[in-house]
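Taking it in order: structure first as structure tokens, then the write-up.
The values are calculated or read from the model by the stated rules, or taken from the named source; none is laboratory data. Small disclaimer: the values here were computed from a predicted structure and weren't measured. Glycine gets a Cβ as well: all are built from the backbone with ideal geometry, and neighbour counts include every protein chain shown. Just so you know, the surface numbers come from the protein's heavy atoms only, side chains and all, with ligands and any DNA or RNA stripped out. Shrake-Rupley method; radii C 1.70, N 1.55, O 1.52, S 1.80 Å.
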Amino acid sequence: MELTRRDAVAALSALGLGGTLAGCVAPPGSEPVAVEHLRETLIAAAEVVYPSAVSGIEPFVAAFLEGRLADRAHVAGLDEAVAELDGNARVWYDAEFAALSVADREQVLRNVGADDADEDPSGTASERVRYYVVNDLLLALYASPTGGELVGLENPQGHAGGIGTYQRGPNA
Amino acid sequence: MSWDRAPAGSAASGADGDADRTPVANADVCVIGAGPAGGIVADRLAEAGREVVILEAGPRFDPDERLARQERAIRPAYDRPDVWDGDPERDAYKSTGERFYPLNHARARGVGGSTLHWQGMVMRLHEDDFDSASVRGVGADWPIDYADLQPYYAAAERELGVAGAADNPFAPPREEPHPMPAFPPSYSDSLFAAACDELEIAMHSVPNARNSEGYDGRSACVGYGTCQPVCPSGAKYDATVHVERAERKGATVIDHAPVQRLEHGPDAIEAAVYATPDGESHRQSADAFVIACGGVETPRLLLLSASSHYPDGLANSSGLVGRYFMDHLFAGTGGVLDEPTRQNHVGFLTSESHQFYDEADAEQAPFKLEFFNYDGPSPVELALTGDDWGDDLLERLRSDYGSHIGMGGLVEQLPREDSYVGLDHSTTDDHGNPVPNVHWTVGDRALETIERVNEVQERILDELGAEITWQVGPEGTGPAYHHMGTTRMGSAPTESVVGPDLRTHDLENCWIASSSVFPTAGAMNPTLTIAALALKAADHVLETMSSIR
Ligand SMILES: Cc1cc2nc3c(=O)[nH]c(=O)nc-3n(C[C@H](O)[C@H](O)[C@H](O)COP(=O)(O)OP(=O)(O)OC[C@H]3O[C@@H](n4cnc5c(N)ncnc54)[C@H](O)[C@@H]3O)c2cc1C
Ligand code: SF4
């Protein structure tokens, strides 16, 4: 199932991030953050945590990140989590996370403990990777109409999908 | 509070350091608490041209942060109280009854009060609820009847904006249609309807304080599905509506201003002493005071205001301040069908049954049945927990979501002296005041009625062909977060705290607007009745103020 521009807008607006996809946003604040690197890393992680049934990951994740960039605290947390992934990838594979094969990326996510960890934006490295990378991507997907439809729910929680769908039967 | 935890949109309502939190000169009325009760009273009194000040313990939240709060509601890193910035030190309490009472899941603090978090089901009490002792032989009669409250109910429905229909054959008499049409039934309601028809159980719509069309300058519901604990669109009523309306009419709202005690003489309150974030303490004087702090903090404030005149607590000559604490008990049953049930599209209910409500007597409590639209897991929440991702996660979501079906119910508990809110002197809050001690006792009539509710629920689910997978019965039951009874209303000053005019028997310038005045609870969600009583209280305040001018 193809992730669309509408999904990205929906995911952004579910998180209060405006929902316009115009222009390019640099994070506010003085700390310089390598936005392109965050984007690559998130897309690389999405290829692991999203189901194989979805396509169009790249523009979807890029648009979602663009919205997140407005929140400085979030960007700082994401930057640290990405550094965590790169650090582990370098130790084990001598390359940055985004440069690895999908299987090796998955192994790095497991190495840092993001699979077992409960998300916590101010917790341990595993909990932060789970929050800023794995769960942020899953939240974006499963609060969007396409993500919801994959599960059989066109109007998932967090998406303002109107009051028609709850009345409809499965075959409508 | 989880500020070391930040993100989730980094929503934060820190105290605005520059705000003027000094008392208002020449205030006619001081309203304490900015929930629906306080908001409605303040709006009415400001409308009548009175100088009104509202003191609210919690913050004023930024409406632009609601989506960030919604993110907190969905993400597992945040507990329910985190959504509205609960602060464990400020909100400290003790629970000492036979059942644990999760107080901070049962309220929100700030402009809007607990309606920021509420579900928004609003029904009128039934006529017999006002005459429980006479008609059912248990509980206490209210000193007023349904007929006394009926015009206020109609006005309250207009104030909150209620979407409802006249299809409930068990509801008390109405004088006019609801302000908005009811939400249409859900797909799962139609599954229930077939089974209920067979069992001759009537289903009907639910009155919702939620816009089924644009109302009062607020949008129609857009289906975010996170109504409880936050509606980002404002389609669900919350009391910011009335607080802001009161402000537009000239009322002053002071947030981050917890009232510490009420200074008083023998017959009247002189001032509300409140703390501000800069560490200062202020005195707000006024001609009249309306306490609208909810069913737990209202008795607590009176008990904290004990004096040589009132050694057991202010307005407590009866000794009943804090006594008769009641909540509604939840009873539920659910399971799975072998077909799609289409749950979790929206976060509110569209069908109920009040068929068994008026069978109530000394042995059986009144109860109502609810048909869920959000039974079973929400896929997005489920996706954020577990140790899988990718195709494995999608497979898990598909197998866990889709076929759940469930029912709830609310059951009345009787007022009992051994169920109370008191002070726990061994623990203090962030201002050094003893915290509330919630000592919750339920009683056998309610517990036995829960069994009856479960039986009816099982019959319906069996008829539907569901495999039952969960049940909340008398052992596992919990509160519905409706705090009632702790400053009960009555005619005799020895047997009640306020009179039928909502004024305390002891103090001539102090009214209480809250479910704390309910003598007996009924089994309907309380807030429409709170709103009706708030309107009535406002009338009495105005009458009294005009007569002394
Ligand atoms: C999860 C949940 C779901 C609910 N669902 C429903 C429902 O579907 N239908 C229904 O009818 N009801 C429901 N309720 C209950 C409903 O929210 C309350 O009945 C209603 O909000 C009570 O209104 P109130 O104004 O009396 O008190 P509150 O809304 O609790 O407001 C009291 C205010 O007073 C302030 N305050 C307290 N002490 C002080 C002090 N010392 N100084 C200054 N300010 C103070 C508090 O901070 C608070 O803001 C629900 C509640 C919860 C928690
Ligand atoms: S479903 Fe609930 S949260 Fe969403 S808009 Fe409607 S009332 Fe608000």
Normalised per residue, the volume inside the convex hull of the alpha-carbon atoms of chain B in Å³ amounts to 144
Residues of segment B:346-384 that become at least 20 Å² less accessible with every protein chain present than in their own chain isolated, using 1.4 Å: which are they? B:Val346, B:Pro379, B:Val380, B:Ala383, B:Leu384
J(HN,Hα) series, segment B:290-303, from Karplus relation 6.51 cos²θ - 1.76 cosθ + 1.60, nearest Hz, glycine and proline x: 10, 8, 9, 9, x, x, 10, 6, 5, x, 4, 4, 5, 5
Separation between Cα centres of segment B:233-277 and segment B:403-482, rounded to whole Å: 31
Can you give the percent of C-alpha pairs in segment B:50-103 whose distance is more than 17 Å? 57
So for the pair B:Arg158, B:Asp444, with labels modelled 7 Å out along Cα→Cβ, what separation do we get in nm? 4.8
If I histogram all Cα-Cα distances within segment A:101-172 using bins 10 Å wide from 0, what percent of pairs lands in each bin? 20, 33, 27, 16, 5
How much area per residue is accessible in segment B:44-108 when the probe is 1.4 Å and only protein heavy atoms are counted (Å²)? 37
Segment B:283-316 versus segment B:115-137: alpha-carbon centroid distance in Å: 26
Summed buried accessible area for B+A [probe radius 1.4 Å, Å², rounded to 100]: 4300
With angles folded into 0 to 90 degrees, how steeply does helix A:102-111 sit against the dominant principal axis of chain A? Use alpha carbons for both and round to 10. 70
Could you work out how far apart the two model spin labels at B:Thr385 and B:Ala202 are, taking each label as a point 7 Å from the Cα in the direction of the beta carbon, and quote it in nm? 3.9
Longest principal axis of chain B (C-alpha) makes with the long axis of helix B:444-464 (C-alpha) an angle, in degrees to the nearest 10, of 30
Accessible-area composition of chain B, carbon plus sulfur, in percent [1.4 Å probe]: 46
Relative contact order (%) - chain B, alpha-carbon pairs under 8 angstrom, separation at least six: 22
Segment A:61-172, accessible area per residue, ligands and nucleic acids excluded (1.4 Å, Å²): 34
How high is the FRET efficiency between A:Asn171 and B:Asn26 when r is their beta carbon distance and R₀ equals 56 Å, given to the nearest 0.05? 0.25
With θ set to phi - 60° and the Karplus curve 6.51 cos²θ - 1.76 cosθ + 1.60, what are the ³J(HN,Hα) couplings of segment B:335-351 in order, to the nearest whole Hz, using x for Gly and Pro? x, 10, 10, 9, 8, x, 10, 6, 8, 6, 7, 10, x, 9, 9, 10, 9
Per-residue HN-Hα couplings for segment A:77-91 [Karplus 6.51, -1.76, 1.60; θ = phi - 60°; Hz; x = Gly/Pro]: x, 5, 4, 5, 5, 5, 4, 4, 5, 5, x, 5, 4, 5, 4
Tell me, what is the per residue accessible area of segment B:145-235 in Å², probe radius 1.4 Å? 37
On the formula 1/(1 + (r/R0)^6), with r taken between the Cβ atoms of B:Ala492 and A:Ser101 and R0 of 60 Å, the FRET efficiency rounded to 0.05 is 0.15
In nm, the gap between the two label points placed 7 Å beyond Cα toward Cβ at B:Glu455 and A:Glu2 is 5.9
Taking amide H positions as placed in the peptide plane 1.01 Å from N, state which residues far from B:Val253 in sequence (5 or more) or on other chains have amide H under 5 Å from it. B:Ile54
Correct response: the longest run of chain B lacking exposed GluC sites (Glu not before Pro), defined by DSSP loop and at most 11 other Cβ within 10 Å, is B:281-416
What's the angle, to the nearest 10 degrees (0 to 90), between helix B:390-400's Cα axis and the longest principal axis of chain B? 90
